[in-house]
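Right, one structure below, let's go through it.
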Protein chains: 2
Amino acid sequence: MMRESSQLPLAGITVVDLTRVLAGPYCTMMLADLGARVIKIENPEGGDDSRHVGPFVDGESAYFASINRNKESIALDLKNPEDRKVLEKMLETADVLVENFRAGVMEKLGYTWEGLHARYPGLVYASISGFGQTGPYRNRPAYDMVVQAMGGLMSVTGEVGGNPARVGVSIGDIGAGLYATIGIQSVLLKRVHTGLGERVDISMLDCQVALLENPIARYSATGTVPKPLGTRHPSITPFDMFATQDGFIVVAVGNDTLFAKLCDALGHAEWAGEARFATVLARNENHVELKACLEKRLTDATTAEWEAVLESAGVPHGPLNSVPQLMQNPHVEARGMLIDIGIGQGKPLRIAGNPVKIGGVDTLTNVRNPPSLDQDRDRLLAEFKL
Amino acid sequence: MMRESSQLPLAGITVVDLTRVLAGPYCTMMLADLGARVIKIENPEGGDDSRHVGPFVDGESAYFASINRNKESIALDLKNPEDRKVLEKMLETADVLVENFRAGVMEKLGYTWEGLHARYPGLVYASISGFGQTGPYRNRPAYDMVVQAMGGLMSVTGEVGGNPARVGVSIGDIGAGLYATIGIQSVLLKRVHTGLGERVDISMLDCQVALLENPIARYSATGTVPKPLGTRHPSITPFDMFATQDGFIVVAVGNDTLFAKLCDALGHAEWAGEARFATVLARNENHVELKACLEKRLTDATTAEWEAVLESAGVPHGPLNSVPQLMQNPHVEARGMLIDIGIGQGKPLRIAGNPVKIGGVDTLTNVRNPPSLDQDRDRLLAEFKL
């Protein structure tokens with residue numbers, strides 16, 4: 001039933017997972033992919049909310065399936081004394097407890113950090129919430145969209161002069177899930193020396209601030225309010241999408257050496273020597289002029305032709321891929337970044353793999369399908385008998 | 001000179017850092033913030049490329065300063081035999097080596113994984129590159145912009161019917177930095193049992209695929225190509241930005257209970273009972289209609305008025321913040337998510353803090369300013385004498 005996971009780095013770590021929807025489940029998926037045993041505890045009335053978010057395949061949520069592989073499921077009512085005993089029995093041997101309730105909910109259930117730490121001194125307890133366990137907004141609810149807006153990311157994303165745009169993935173949740181994974185692992189490392197768990201307190205809004213490091217530093221340095229720039233990088237030029245004869249190409253030139261290679265490849269070696277384009281700073285100041293020069297030349301040939309030219313010149317570039325184009329890309333395939341899981345009555349569903357590649361071992365060779373609600377009840381109750 | 005870091009979770013871990021620009025330095029900043037000692041090795045001809053990326057304060061790069069706190073710096077020429085000996089001496093006691101050269105560069109320098117592992121068996125060696133150490137594109141160069149475009153994220157970000165937009169931060173780099181941190185820590189945890197380091201191979205493109213988990217699952221389930229949706233969530237409704245009398249508000253309602261609360265708060269309790277809006281699925285199908293209903297009502301009052309109403313109703317919501325609005329937010333301040341470092345001749349620069357909050361200890365209380373190039377040379381040479 002369990003995966004052959006002794007080679008995986010987190011083999012031997014047990015995670016009790018009270019999370020739902022996205023930030024928490026993304027974190028516990030990372031831990032599970034890396035070899036931890038994740039026991040997902042779901043509410044008996046329908047389980048994880050994301051089981052009811054579409055699209056569905058044979059009545060099962062692809063949203064849920066995408067982030068709950070390699071987990072076991074049991075339904076427990078955390079207000080029911082018998083069910084609480086099962087949870088508490090699990091915590092006796094667990095290494096990590098993760099939850100993403102709104103701040104205060106665990107305390108109302110009678111599970112404070114102080115109480116948990118006294119009873120299970122080695123337990124690492126991670127909370128992921130919209131605004132964290134401290135501060136004036138700690139009791140406010142949040143979702144991805146809220147922290148993308150409040151956190152400033154929407155204000156720097158979108159077309160020049162246009163409306164703010166949401167990042168097309170839930171980076172408010174996924175970001176928090178990644179920082180939570182980092183926090184949990186860091187405390188597991190410290191625990192090797194101390195034997196003691198600690199409380200990890202992750203706020204989705206804090207994580208947005210952390211992702212916004214560059215716009216914050218730019219504003220601090222210049223006083224200029226960062227705005228959406230379409231596809232252009234704010235401080236590096238040319239780092240943008242350009243029209244070709246038949247579509248678009250992205251060119252990303254981070255230093256003067258690469259810029260000289262680009263100019264050579266385009267048959268305009270002289271540009272690299274001109275004062276207006278000679279340095280990163282000059283190119284950044286004259287980005288409109290430079291884009292005009294580049295597009296005038298790039299529209300002479302097709303994207304595929306320029307890809308060949310820029311590849312042999314060693315200039316970083318790439319096509320704009322749609323999701324299906326990405327999924328058909330031979331390199332993505334070769335890297336094992338797409339895996340097939342079973343959904344519904346066992347229908348294959350292709351989902352994203354795990355990008356943490358270690359020692360040539362594919363962490364997802366023995367992927368366990370996302371569980372149906374309460375799927376592992378009997379086995380788990382037998383294992384954690386009172 | 002060194003931080004008082006014995007309480008921090010990664011105290012005692014030493015990282016030799018060959019990285020530059022963003023993905024690698026972001027990873028080593030996370031490790032440093034959590035207590036690891038990070039020795040940044042820079043090329044003697046100008047150091048980290050990002051030292052030359054604007055904006056500048058007193059001639060020093062705010063870009064560089066934002067992601068290089070808590071690190072020591074020494075300039076070494078990795079082609080010079082004497083300098084190589086210094087590096088190799090450091091590796092004798094180091095726990096982690098991180099680099100983000102293009103795949104193949106370390107091998108050309110004579111540092112293969114096999115060679116490093118034979119000589120330093122406990123060393124965890126992490127490589128971050130555009131496309132990873134394997135696969136057909138492994139030798140291709142990449143920057144953030146390239147992987148955002150190739151990885152499909154630009155294709156799902158932007159206004160409805162508009163051009164693809166780049167996410168306003170370098171999520172191609174930062175994402176890779178976060179997954180690399182996770183990979184490194186996971187191997188450090190395994191090393192506790194085995195005593196052996198392993199190779200961590202992070203590809204920026206792989207990381208984009210991992211972030212794209214939901215669009216990939218949606219495409220797999222439905223065959224519909226995901227497109228930019230402006231500010232709307234693809235599968236959850238209402239999860240969007242709405243016009244008010246004087247601006248915009250974001251409302252994020254993830255389940256039916258919250259939707260009923262929203263309808264109540266707006267004085268339209270009847271909406272929650274209507275078939276067209278009764279379930280997540282129905283609301284998603286009728287999102288245009290629902291947005292019209294909501295905006296008709298929300299334009300009756302100001303953003304601030306609706307914030308008060310929605311806060312007391314317990315409905316997740318938030319304002320759209322610009323970067324300066326975010327930086328003035330009292331909750332962001334209370335969470336310690338902005339810190340002041342010294343730049344140039346010691347001028348304070350406010351930058352993003354670290355969102356991994358552990359046990360109430362602020363990891364950034366004793367922040368060390370970003371180093372000038374080669375700042376720690378004498379002390380490091382004395383420590384790692386041959």
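Consider region B:23-54. How many of its residues are more than 18 Å from A:D256 (Cβ to Cβ) and either basic (K, R) or not in a strand (DSSP E or B) (or both)?
Restricting attention to region B:23-54, the residues satisfying the condition of being more than 18 Å from A:D256 (Cβ to Cβ) are B:23-41.
This time we only want the ones that are either basic (K, R) or not in a strand (DSSP E or B) (or both), so: B:23-37, B:40.
Total satisfying the criteria: 16.
Quick check on this structure: which one of B:G183, B:G152, B:G162, B:G135 is at the interface with chain A (Cβ under 7 Å from one of its Cβ atoms), buried (at least 24 other Cβ atoms within 10 Å of the Cβ) and in a loop (DSSP other than H, G, I, E, B)?
The unique qualifying residue is B:G152.
What is the one condition in (1) surrounded by 17 or more Cβ atoms within 10 Å (Cβ to Cβ); (2) over 18 Å from the mean Cα position of the chain (by Cα); (3) at pLDDT 95 or above that B:S66 does not satisfy?
Going through the list (1) surrounded by 17 or more Cβ atoms within 10 Å (Cβ to Cβ); (2) over 18 Å from the mean Cα position of the chain (by Cα); (3) at pLDDT 95 or above, B:S66 breaks only (2).
Cβ-Cβ under 9 Å, sequence separation 6+ or interchain: first residue in region B:299-316 and within 25 Å of A:A103 (Cα to Cα), partner assigned to a helix (DSSP H, G or I) and of a type in the set (D, E, K, R). Which pairs?
That search, which allows pairs on different chains as well, returns B:L310/B:K261; B:A313/B:K261; B:A313/B:D264; B:G314/B:K261; B:V315/B:K261.
For region A:340-363, which positions are under 21 Å from the mean Cα position of the chain (by Cα) and surrounded by 18 or more Cβ atoms within 10 Å (Cβ to Cβ)?
A:I341, A:L349, A:I351, A:A352, A:G353, A:N354, A:P355, A:V356, A:K357, A:I358, A:T363, listed by residue number.
Could we say that A:A75 is surrounded by fewer than 24 Cβ atoms within 10 Å (Cβ to Cβ) and among the aliphatic types (A, V, I, L, M) here? Walk me through how you get there before you give the answer.
On the way: surrounded by fewer than 24 Cβ atoms within 10 Å (Cβ to Cβ): yes; among the aliphatic types (A, V, I, L, M): yes.
Yes: the conditions hold for A:A75.
Farther than 23 Å from B:L349 by Cβ and either part of a helix (DSSP H, G or I) or outside the structural domain of B:S203 (by TED's automatic domain parsing) (or both): does that describe B:L91?
Here the answer is yes, as B:L91 does meet what is asked.
Within region B:208-228, track down each residue that is more than 26 Å from A:G344 (Cβ to Cβ) and either within 7 Å of chain A (Cβ to nearest Cβ) or more than 24 Å from the chain's Cα centre (by Cα) (or both).
B:P228
Only one of (1) of a type in the set (K, R); (2) within 30 Å of A:G223 (Cβ to Cβ); (3) outside any loop (DSSP other than H, G, I, E, B) is not met by B:R69, so which one is it?
Of (1) of a type in the set (K, R); (2) within 30 Å of A:G223 (Cβ to Cβ); (3) outside any loop (DSSP other than H, G, I, E, B), only one is false for B:R69: (3).
Kindly list, by first and then second residue, each pair from a residue in region B:106-131 that is assigned by TED's automatic domain parsing to the domain that holds B:T28 and part of a helix (DSSP H, G or I) to a residue that is exposed (fewer than 14 other Cβ atoms within 10 Å of the Cβ) and at pLDDT 95 or above, limited to pairs with Cβ atoms under 6 Å and residues at least 6 apart or on different chains.
none
Is at least one residue of region A:66-85 under 19 Å from A:A23 (Cα atoms), touching a residue at least 24 places away in the same chain (Cβ under 8 Å), touching a Leu at 6+ places or on another chain (Cβ under 9 Å) and acidic (D, E)?
Step one: of region A:66-85, the residues under 19 Å from A:A23 (Cα atoms) are A:66-73.
Keeping just the survivors that are touching a residue at least 24 places away in the same chain (Cβ under 8 Å) gives A:66-73.
Now drop any that are not touching a Leu at 6+ places or on another chain (Cβ under 9 Å), which leaves A:66-67, A:69-70, A:72-73.
Within this subset, residues satisfying the condition of being acidic (D, E) are A:72.
Within region A:66-85, one or more residues are under 19 Å from A:A23 (Cα atoms), touching a residue at least 24 places away in the same chain (Cβ under 8 Å), touching a Leu at 6+ places or on another chain (Cβ under 9 Å) and acidic (D, E).
Considering only residues that are facing chain A (nearest Cβ under 7 Å) and over 19 Å from the mean Cα position of the chain (by Cα), look in region B:191-207 and name the one that is surrounded by the most Cβ atoms within 10 Å (Cβ to Cβ).
Filtering first and then ranking leaves B:E198.
For region B:136-160, which positions are more than 13 Å from A:D240 (Cα to Cα) and free of Cβ contacts under 8 Å to residues at least 40 places away in the same chain?
If the condition is that a residue be more than 13 Å from A:D240 (Cα to Cα) and free of Cβ contacts under 8 Å to residues at least 40 places away in the same chain, then B:P136, B:R138, B:N139, B:R140, B:P141 are the ones that fit.
Would you please name the residue that is nearest to the other protein chains (Cβ to nearest Cβ), looking only at residues in region B:329-343 that are in contact with a helix residue (DSSP H, G or I) (Cβ under 8 Å, 6 or more places away or on another chain) and closer than 18 Å to B:P370 by Cα?
Here is the first cut: in region B:329-343, the ones in contact with a helix residue (DSSP H, G or I) (Cβ under 8 Å, 6 or more places away or on another chain) are B:329, B:331-332, B:335, B:337-338, B:341, B:343.
If we keep only those that are closer than 18 Å to B:P370 by Cα too, we end up with B:337-338, B:341, B:343.
Details: B:M337: 4, B:L338: 7, B:I341: 10, B:I343: 8 Å.
It comes out as B:M337.
Could you say which residue among A:V280, A:V323 is within 13 Å of chain B (Cβ to nearest Cβ) and in contact with a His (Cβ under 8 Å, 6 or more places away or on another chain)?
Going through A:V280, A:V323 in turn, just one is within 13 Å of chain B (Cβ to nearest Cβ) and in contact with a His (Cβ under 8 Å, 6 or more places away or on another chain): A:V280.
Within region A:116-132, track down each residue that is of a type in the set (F, W, Y) and more than 7 Å from chain B (Cβ to nearest Cβ).
A:Y120, A:Y125
Which of the residues that make up region A:207-262 are under 27 Å from B:L178 (Cα atoms), in contact with a Gly (Cβ under 9 Å, 6 or more places away or on another chain) and of a type in the set (D, E, K, R)?
A:R218, A:K227, A:D240 - these are the residues of region A:207-262 that are under 27 Å from B:L178 (Cα atoms), in contact with a Gly (Cβ under 9 Å, 6 or more places away or on another chain) and of a type in the set (D, E, K, R).
For B:T299, are the conditions met, namely being exposed (fewer than 15 other Cβ atoms within 10 Å of the Cβ), farther than 19 Å from B:Y63 by Cβ and at pLDDT 95 or above?
yes
Mind listing just one residue for me: the one in region A:212-252 that is in a helix (DSSP H, G or I) and touching a strand residue (DSSP E or B) at 6+ places or on another chain (Cβ under 8 Å) and, of those, nearest to B:G172 (Cα to Cα)?
A:E213
What number of residues within region A:215-227 are in contact with a Ser or Thr (Cβ under 6 Å, 6 or more places away or on another chain) and surrounded by 23 or more Cβ atoms within 10 Å (Cβ to Cβ)?
1
Keeping to region A:138-187, report how many residues are modelled with pLDDT of 95 or more and among the aromatic types (F, W, Y).
Qualifying residue count, region A:138-187: 1.
When you scan region B:86-96, do you find a residue that is aliphatic (A, V, I, L, M), closer than 16 Å to B:R20 by Cβ and within 10 Å of chain A (Cβ to nearest Cβ), even just one?
No.
Would you mind finding the one in B:E82, B:E92, B:E114, B:E72 that is farther than 27 Å from A:A252 by Cα and under 25 Å from the mean Cα position of the chain (by Cα)?
B:E72
Give the residue that is surrounded by the fewest Cβ atoms within 10 Å (Cβ to Cβ), with candidates limited to residues of region A:235-246 that are touching a residue at least 40 places away in the same chain (Cβ under 8 Å) and at the interface with another protein chain (Cβ under 8 Å from one of its Cβ atoms).
Checked region A:235-246; the qualifying residue surrounded by the fewest Cβ atoms within 10 Å (Cβ to Cβ) is A:S235.
Any idea which residue in region B:32-45 is surrounded by the fewest Cβ atoms within 10 Å (Cβ to Cβ), counting only those that are touching a residue at least 60 places away in the same chain (Cβ under 8 Å) and either of a type in the set (V, I, T) or more than 12 Å from B:I67 (Cβ to Cβ) (or both)?
For region B:32-45, the residue satisfying everything is B:P44.
When region B:10-36 is examined, which residues are found to be over 16 Å from B:K357 (Cα atoms), aliphatic (A, V, I, L, M) and at the interface with chain A (Cβ under 9 Å from one of its Cβ atoms)?
B:I13, B:V21, B:L22 - these are the residues of region B:10-36 that are over 16 Å from B:K357 (Cα atoms), aliphatic (A, V, I, L, M) and at the interface with chain A (Cβ under 9 Å from one of its Cβ atoms).
In region A:176-190, what residues are touching a residue at least 60 places away in the same chain (Cβ under 8 Å) and within 12 Å of the chain's Cα centre (by Cα)?
A:A176, A:G177, A:L178, A:A180, A:T181
Would region B:247-268 turn up any residue that is facing chain A (nearest Cβ under 9 Å), touching a Lys or Arg at 6+ places or on another chain (Cβ under 8 Å) and on the phi > 0 side of the Ramachandran plot?
No, every residue in region B:247-268 fails to be facing chain A (nearest Cβ under 9 Å), touching a Lys or Arg at 6+ places or on another chain (Cβ under 8 Å) and on the phi > 0 side of the Ramachandran plot.
The values are calculated or read from the model by the stated rules, or taken from the named source; none is laboratory data. In this text, all values refer to a predicted model and were calculated from it rather than measured experimentally. We place every Cβ from the backbone using ideal geometry, glycine too, and count neighbours over all the protein chains shown.
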